[in-house]
1. Hey, residue 59 hits all of (1) modelled with pLDDT under 95; (2) assigned to a strand (DSSP E or B); (3) of a type outside the set (A, V, I, L, M) but one; which does it fall short on?
2. Checking the condition touching a residue at least 24 places away in the same chain (Cβ under 8 Å) and either closer than 17 Å to residue 34 by Cβ or open to solvent by less than 40 Å² (accessible area, probe 1.4 Å) (or both), which residue from 114, 134 passes?
3. For the range 101-111, enumerate the residues that are closer than 16 Å to residue 56 by Cα and open to solvent by less than 20 Å² (accessible area, probe 1.4 Å).
4. For the range 66-100, which residues satisfy the criterion of being at positive phi and either among the polar types (S, T, N, Q) or surrounded by fewer than 16 Cβ atoms within 10 Å (Cβ to Cβ) (or both)?
5. Hey, can you tell me all the residues within the range 69-90 that are assigned to a loop (DSSP other than H, G, I, E, B) and at pLDDT 95 or above?
6. I need a count of the residues in the range 27-48 that are part of a strand (DSSP E or B) and loosely packed, with under 14 Cβ neighbours inside 10 Å.
Amino acid sequence: SGDCLRTESFDMKSTVLCLLALCLITEAKIHNVSVTGTITCGKHRQRDVFVELMERDFSPVNPDDLLARVHTDVMGEFRLTGSTEEMGQIEPYLRVTHTCGVKEGCTRVTEFPIPDEFVNGATYEMSYVVLDIIQKSDTENCDDSRHLS
């Protein structure tokens, strides 16, 4: 009966070693993404809007990766380029934090997916990014501290 336990222990060790070796063999790949566009609200270009190029991670212990960030220029335009090292495909998206269509003291976060064909490919030219339309996935944050005094 002791031989049986040693055999099971050996099989477990072999399995763990094989899995570790497999992880070392599998290499992560560098993925590149570039995005350009012009942020608008109410048919007006929006300056100084915070724009982030993100990569979605579906693991609860691994938050989404920030690839690049910028504020729009005086013409509401932005250009972002970022890269990440991941195994398999990535799911990049643009996250825009803005005040279009919200009450004073609040911000809204709107996310825009970036199509797969623009990963490791041409620049994704979004043209005009219209923030007037509230999307189901939008989140709104309000600073309630001004009401506490």
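The values are calculated or read from the model by the stated rules, or taken from the named source; none is laboratory data. Quick caveat: nothing in here was measured; it's all calculated off a predicted structure. All Cβ positions, even for glycine, are placed from backbone atoms using ideal geometry, and neighbour counts span all protein chains on display. Note: areas computed on protein heavy atoms with side chains; ligands, DNA, RNA excluded. Shrake-Rupley method; radii C 1.70, N 1.55, O 1.52, S 1.80 Å.
1. Unmet for residue 59, out of (1) modelled with pLDDT under 95; (2) assigned to a strand (DSSP E or B); (3) of a type outside the set (A, V, I, L, M): (2).
2. Only one candidate passes the filter, namely 114.
3. 110
4. Hit for the range 66-100 is 88, nothing else.
5. 72, 73, 74, 75, 76
6. 3
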